[in-house]
Each structure stands twice: as structure tokens, then as C-alpha cells.
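Reviewing the structure listed below.
The values are calculated or read from the model by the stated rules, or taken from the named source; none is laboratory data. Source: prediction; values computed, not measured. Heads up, the Cβs are rebuilt from the backbone with ideal geometry, glycines too, and the neighbour counts pull from every protein chain shown.
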Amino acid sequence: MQDEGVLFRTTEDAFIRTKRKQFEKGGRNDDVIAKIDGMISEASTAAREAENRASAILDTVYDLKAVNPTVSSDADARTIGDLLEIIAVEGRKIDAALKKLKS
């Protein structure tokens with residue numbers, strides 16, 4: 001998309017600049033040359049704006065972020081049921097240890 005915009009702008013600028021040189025060589029009217037200069041400026045501005053819009057669209061599509069895919073997650077993936085089971089098992093271990101100490 002950007003390449004087409006650059007190609008179009010380059011081609012259009014070259015065409016308009018060639019026409020401007022032809023008018024200068026022919027000793028044409030300064031008003032015509034001023035209009036051609038305005039056309040060059042407008043065409044360049046429009047092309048740059050189109051390239052900026054296209055670039056913004058591509059940037060949103062390819063939203064690249066610096067993310068390390070090999071980083072392990074620190075989040076606890078256990079469910080509430082898993083945690084309750086662990087507490088029950090540890091509770092039984094504690095009960096067994098207390099019975100040993102009392103006897």
C-alpha cells in the first residue's frame with residue numbers, strides 16, 4: 001500500500017515537474033508556473049497524508065509489542081476446588097501429627 005503511494009507520488013511529481021520545466025524553457029507565463037508549483041505542493045501533501053493514513057492503518061493491524069514468549073507466568077492457575085483439597089490434605093496431616101504428639 002505504501003509502495004504504491006510512493007510510486008504514484010514519484011510518477012505524478014516527475015510528470016508535473018517535467019511540465020514545469022517545459023513551461024520555463026518556453027518562456028511561458030509566470031502565473032502558469034506558479035499554478036504548477038501549487039499543484040506540485042498539493043500533490044505532494046495529499047500523497048504524504050495518504051501514506052500517513054495507510055501507515056496508521058498498518059500500524060493498528062500489525063500492533064507489535066515487545067513481549068517475551070518464553071516468560072513463565074507467575075499467576076496461580078489452581079482452582080478453588082484444588083485449593084480446598086490441598087487444605088483438607090494438609091489438615092489431615094496436622095491431625096495425624098497432633099495425635100502422635102498426644103500419645
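What do you reckon, is residue 103 polar (S, T, N, Q), out of contact with any Ser or Thr (no Cβ under 8 Å at 6 or more places or on another chain) and surrounded by 10 or more Cβ atoms within 10 Å (Cβ to Cβ)? No: the conditions fail for residue 103. Selection over the stretch 22-61 of residues that are closer than 17 Å to residue 11 by Cα and modelled with pLDDT under 75 gives a count of 2.
Check whether at least one residue in the stretch 58-81 is polar (S, T, N, Q), assigned to a helix (DSSP H, G or I) and surrounded by 10 or more Cβ atoms within 10 Å (Cβ to Cβ), and report yes or no. Steps first, answer last, please.
Our first condition is that a residue be polar (S, T, N, Q); within the stretch 58-81, this holds for 60, 68, 70, 72-73, 79.
After this cut, where a residue has to be assigned to a helix (DSSP H, G or I) as well, the list is 60.
Filter once more, keeping what is surrounded by 10 or more Cβ atoms within 10 Å (Cβ to Cβ): none.
No, the stretch 58-81 contains no residue that is polar (S, T, N, Q), assigned to a helix (DSSP H, G or I) and surrounded by 10 or more Cβ atoms within 10 Å (Cβ to Cβ).
Determine if the stretch 39-53 includes at least one residue that is among the acidic types (Asp, Glu), surrounded by 10 or more Cβ atoms within 10 Å (Cβ to Cβ) and in contact with a helix residue (DSSP H, G or I) (Cβ under 6 Å, 6 or more places away or on another chain). Break it down into steps so the answer makes sense when it comes.
Keep residues of the stretch 39-53 that are among the acidic types (Asp, Glu), which gives 42, 49, 51.
Okay, now just the ones that are also surrounded by 10 or more Cβ atoms within 10 Å (Cβ to Cβ), so 42, 49, 51.
Those still in the list that are in contact with a helix residue (DSSP H, G or I) (Cβ under 6 Å, 6 or more places away or on another chain) too: 51.
Yes, the stretch 39-53 contains a residue that is among the acidic types (Asp, Glu), surrounded by 10 or more Cβ atoms within 10 Å (Cβ to Cβ) and in contact with a helix residue (DSSP H, G or I) (Cβ under 6 Å, 6 or more places away or on another chain).
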